[in-house]
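Notes for the one structure printed next.
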Amino acid sequence: MFFQRRVLVSLVLALAMLIVVVGCSKQEPSPSGTGQGEFQLPEKIVIGWAPPDITGVFKTAQDYLERAAKDAKEKAGLDVEVITRAPSSHTDYAAQVSILENFIQRKVDAIVVSPIDIEPVKPVIRKANEAGIPVIVVNLLEPIEGIEVASYIGFDNEQAARVSAYAVLDYLGGPGVLGEGEKIEVSPETYLDEEWWKNLYKDVDPNSIAGNVAIIEGVAGDFFTNARTRGFREVIDKFPNVKIVSALPADWNREKAVKAAENILQNFKDLDVIWAQCAEMALGAKNAVQAANRQDEVAIFSNDGTPESVDEIRKGTIVAETWHGFPEWGWYGTKFAVMLTLGLPVPEIFDVRPRTEYKDNADMFYPNPKLEPIDWNKIVEEAKAQSK
C-alpha cells in the first residue's frame, strides 16, 4: 500500500511539472525577446537624424521625417520622435561624427544619416553597429564597405548627374522638352529618367549640339562632388562641340556659389549654361546671373529638388533640375526606422529614381510630392505577428 501511494504521488508531481512546462512554452514573447507578457509597442521610438546641415534640401528631408512621425501617431498611436542635429558647416566632418556619437550614447532606436563624406563616418557607424542601433543612410545607393547599413535611401549620384547632362544637351539644341531642338510630347507624369534620355539620344549625331558650359561643384575632392562630376562629364564628353569651360567649387553653399558664378561670368563672355551640382548653389548662381543682367543668355541647371528651386523652375529662372527625392528620404526614413525598431525587415535599397524636373511637370514635385501612404496599422500587426 505504501509503495502504491509513493507511485501515485510521483505521478501527480510529474503531471504538475508537465503542465507548468507546457504552459510556459505557450506564453507569448515580449518585443524585447525576454518571453515575458503580451506584445507591447515601445513607449517612444526615437530617431536620430544627422544631415550635413539644415538648409534647403536637408530641411526638406527633415520636414518629411517629422511629417511621417506625426502620421504614425495619428494613424496608429505610435509615439515617434525625430531628433535633428547638424554641423554648423557642410564641411565640418568632425562635428557630424560627434553628433553620431551622441546619438549612440543617448541610445536612440535608429539613426538616419546623410554623410558629409563617406570615410570620416565609417568608424562611428561601426560603433552604432556594435551598440545594436540600426543605421539608415540617405543620399546614395552605393554600398559602403566595412560597415552595416540597414537600408540605403537615395539615388546613384553619377546617374543623377548623367540625367542633368542630357537635360543640358536638350537645352543646347538636342531633342527633348526644353530647348529649340526636336520637341518630344510627354505627359507631366512621364519619368524623364536616365533610361528615357538614353533611348532618346541613342541615335543623335554627337556633332549636332554645341555650347559652352560651366560647372559649380560641391566640396572639392569629396565623394559626392567627384561622383556627380564623373557622371556629367561621361555624357557631355561624347559631344565634342559642347565645351566645359570652367569648374569651381562652392562647398554646397549659396553665398559661395554667388562668388563662383561671378567669377565664371567675368571670365567667360560666351557662356550658355551653368550647371550647379545642388539647388543651394543653383540659387546662388541664379542671383549672380540676374545681378549681371545675363539671364537671357546664361541658363541655370541643377540637381536636388526643393520647394524653393522648383518655384524658380516655374518662374523660368532655373531651366531644369534633377530630382533627388528629399521628401522620400524623410518619409521612408521614418517608416524604415520604425519597422527596424519593431523588428521588421526593410528594403536594403530604395531608389528614388533621379529624373528631370522642368516647368511642365513641376507640380508633380511640390507643393505636394507624390508619396505612397504608409499603412502604420499593418506595420504594427506584422510586428505583433512576428513576436509570437
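The values are calculated or read from the model by the stated rules, or taken from the named source; none is laboratory data. Quick caveat: nothing in here was measured; it's all calculated off a predicted structure. We place every Cβ from the backbone using ideal geometry, glycine too, and count neighbours over all the protein chains shown.
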_Some residue of the range 351-358 being surrounded by 15 or more Cβ atoms within 10 Å (Cβ to Cβ), among the aromatic types (Phe, Trp, Tyr) and over 30 Å from Glu262 (Cα atoms)_ = no
*asked:* So Ile264 passes all but one of these: (1) closer than 23 Å to Val57 by Cβ; (2) crowded, with 21+ Cβ neighbours inside 10 Å; (3) touching a helix residue (DSSP H, G or I) at 6+ places or on another chain (Cβ under 7 Å); (4) among the aliphatic types (A, V, I, L, M). Which condition number does it fail?
replied: (3)
*Can you spot a residue in the range 86-101 that is in a loop (DSSP other than H, G, I, E, B), farther than 30 Å from Pro120 by Cα, hydrophobic (A, V, I, L, M, F, W, C) and at pLDDT 95 or above?*
no
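Conditions tested, residue by residue: (1) of a type outside the set (Gly, Ala, Ser); (2) farther than 22 Å from Glu262 by Cα; (3) in contact with a strand residue (DSSP E or B) (Cβ under 6 Å, 6 or more places away or on another chain).
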| site | (1), (2), (3) |
| --- | --- |
| Gly174 | no, yes, no |
| Glu182 | yes, yes, no |
| Ser187 | no, yes, no |
| Leu200 | yes, yes, no |
| Glu217 | yes, no, yes |
| Gly231 | no, yes, no |
_Selected residue (criterion: nearest to Ser309 (Cα to Cα)) from residues of the range 359-388 that are among the small types (Gly, Ala, Ser) and surrounded by 13 or more Cβ atoms within 10 Å (Cβ to Cβ)_ = Ala362
_When you check Tyr93 against the structure, is it within 13 Å of Trp329 (Cα to Cα) and either touching an Asp or Glu at 6+ places or on another chain (Cβ under 8 Å) or touching a residue at least 60 places away in the same chain (Cβ under 8 Å) (or both), yes or no?_
no
*Gly181 versus (1) of a type outside the set (Lys, Arg); (2) within 20 Å of Ile274 (Cα to Cα); (3) crowded, with 19+ Cβ neighbours inside 10 Å: which is the lone unmet condition?*
(3)
